[in-house]
Amino acid sequence: MLKSLVFLLAGVAAASASAQTPAPAQWQAGKHYFVIEPPQATPGGDKVDVVEVFSYGCPACNSFAPIADRLKAALPPNAAMRYVPASFNTAESWPLFQRAFFTAQALGIVDKSHNATFPAVWGNGPLSIRDASTGRMIKPTIEDAAKFYAQFGVSAEDFVATANSFAINTSMKRADAWIKATGVDSTPTIVVNGKYRVTGLSAGSWENIIPVVQYLVQKETTGG
């Protein structure tokens, strides 16, 4: 009985000491996320900006898509998530998919088309980049993309015309410059408020990206 009491008191003392000593931060800069220097521009406003840098032609982005949806749902009301398509892998039609994303965005259908585009590429759909029977690389065209996006309420003609416009070319150039400036060299990568860069490798897993991003959003919210 006395022995049990001694252990109990020792446990209380240890817990008290632990409570008085701040625990080290669970997520550490340079390990779980990286600080972007200098910070890059965000859309502004009162929301913490959370960006997924991705490509529809990226198999890892395809696998990450459900987690990206969960991340978006897990953000607090003062944060907003958006998507910036990368183009640096020219061998797998990334520039085409970047152009298609910005075109869908300009035409106001990207909220409907975004998640549907992944299976169109990776589910042996109309934007597939590999022949399912031979494994041969396929290069979808902007006309192929226009036919696919027509299901979301825009004409193929309008899609092609918008895709080839000066505005879309400018959006692509700006995205490429921003991605380079943030130091993103793989996808999917999450950028928080233009200041922090997170990947599945840095976070320890794709699942860990969610709490790391939540931590960084809170950090930006409190100015910590």
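A few comments on the model shown:
- Counted residues, region 48-96 - those being in contact with a Cys (Cβ under 9 Å, 6 or more places away or on another chain) and closer than 21 Å to F166 by Cα: 2
- Cβ-Cβ under 6 Å pairs, at least 6 apart or on other chains, region 198-216 side over 12 Å from A74 (Cα atoms), far side among the polar types (S, T, N, Q): T199/T189
- Meets criteria (in contact with a Leu (Cβ under 7 Å, 6 or more places away or on another chain) and either under 16 Å from F102 (Cβ atoms) or basic (K, R) (or both)) for I142: yes
- Residue match in region 50-66 (condition: closer than 12 Å to T187 by Cβ, touching a residue at least 60 places away in the same chain (Cβ under 8 Å), of a type in the set (D, E, K, R) and surrounded by 11 or more Cβ atoms within 10 Å (Cβ to Cβ)): yes
- Residue selected from region 2-61 under the condition outside any strand (DSSP E or B), modelled with pLDDT of 95 or more and among the aliphatic types (A, V, I, L, M), by the criterion farthest from L96 (Cα to Cα): I36
- Filter result for F97 (at pLDDT 95 or above, in contact with a strand residue (DSSP E or B) (Cβ under 8 Å, 6 or more places away or on another chain), closer than 16 Å to F54 by Cα and part of a helix (DSSP H, G or I)): yes
- Restricting region 114-141 to residues that are in a loop (DSSP other than H, G, I, E, B) and polar (S, T, N, Q), the residue that is nearest to the chain's Cα centre (by Cα) is S128.
- Set A175, A132: member being hydrophobic (A, V, I, L, M, F, W, C) and out of contact with any strand residue (DSSP E or B) (no Cβ under 6 Å at 6 or more places or on another chain): A132
- Sole residue being among the acidic types (D, E), outside any loop (DSSP other than H, G, I, E, B), modelled with pLDDT of 95 or more and buried (at least 18 other Cβ atoms within 10 Å of the Cβ), chosen from D176, D111, D158, D144: D144
- Taking every residue in region 151-177 that is farther than 21 Å from Y83 by Cα and in contact (Cβ under 8 Å) with a residue 40 or more places away in the chain and pairing it with any residue that is of a type in the set (G, A, S) and not in a helix (DSSP H, G or I), at least 6 positions away or on another chain, yields no pair with a Cβ-Cβ distance below 7 Å.
- Boolean, R130 is crowded, with 21+ Cβ neighbours inside 10 Å and among the charged types (D, E, K, R): no
- Screening A120 with (1) under 15 Å from L96 (Cα atoms); (2) free of Cβ contacts under 8 Å to residues at least 24 places away in the same chain gives one miss only, at (2).
- Taking the criterion of being part of a helix (DSSP H, G or I) and either among the aromatic types (F, W, Y) or surrounded by fewer than 23 Cβ atoms within 10 Å (Cβ to Cβ) (or both), the residues of region 187-211 that qualify are G200, L201, S202, A203, W206, E207, N208, I210, P211.
- If you go through region 212-222 and keep only what is under 14 Å from the mean Cα position of the chain (by Cα), more than 30 Å from L107 (Cβ to Cβ) and crowded, with 20+ Cβ neighbours inside 10 Å, you end up with just V212.
- Considering (1) over 29 Å from E157 (Cβ atoms); (2) surrounded by 14 or more Cβ atoms within 10 Å (Cβ to Cβ), the lone condition that A41 does not fulfil carries the number (2).
The values are calculated or read from the model by the stated rules, or taken from the named source; none is laboratory data. Given the structure is predicted, the values throughout are model-derived calculations rather than measurements. Here the Cβ is made from the backbone with ideal geometry for all residues, glycine too, and neighbour counts use every protein chain on show.
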